[in-house]
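FYI, it's all coordinate maths here, none of it is from the lab. These numbers come from a predicted model, not from an experiment. Note that each Cβ is placed from the backbone with ideal geometry, even for glycine, and that neighbours are counted across all protein chains shown.
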């Protein structure tokens, strides 16, 4: 080998060693990566949406519990209330997000269903059937108002669902009070 060949080989070897040493310095075990501002914002938005969904489902479930209590206390009202209760159950199901289970909308409350999942505190029901309809209408309006208030913070797809559920609640309130007189 000539001197030029040895020098080229030596230069290449030194260059390769320097590259390896430099790479070794920069590829040290990485520490925990700090999330970017976009990732933090996405997490904040996801948490806010989850909280909004939970509030919406809770409002509908509370209304559903009210229907169940009224139907249990006033079975004579079942022909009038069962279709509305079924609708409220469907709304609670639609507003829920994975893992938010609600009794099927087609099944009215039964003794087995109510004893299998007792509510934390029983919903008080007035003995007067007319007064109970007024109270149920007020509960429908309260849930409808909660869904309407949530519209501003909801993402577009969920806002459309909330608007539909709020409108249905207002219609239910009408049917429970004014609709009975017509």
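Please work out how much length the chain gains when fully extended from residue 86 to residue 123, using 0.36 nm per residue of separation minus the C-alpha to C-alpha distance, in nm with one decimal. Don't skip to the end; give the middle numbers.
Numbers: separation 37, 0.36 × 37 = 13.32 nm, distance 1.85 nm.
Taking residue 86 through residue 123 to full extension adds about 11.5 nm, to one decimal.
Working from label points 7 Å from Cα in the Cα-to-Cβ sense, the residue 44 to residue 94 distance is 3.2 nm.
What full-extension length gain, to one decimal in nm, is calculated for residue 58 and residue 159 as 0.36 nm per residue of separation minus the Cα-Cα distance? It would help to have the intermediate numbers written out before the result.
On the way: separation 101, 0.36 × 101 = 36.36 nm, distance 1.63 nm.
So the extension gain works out to 34.7 nm.
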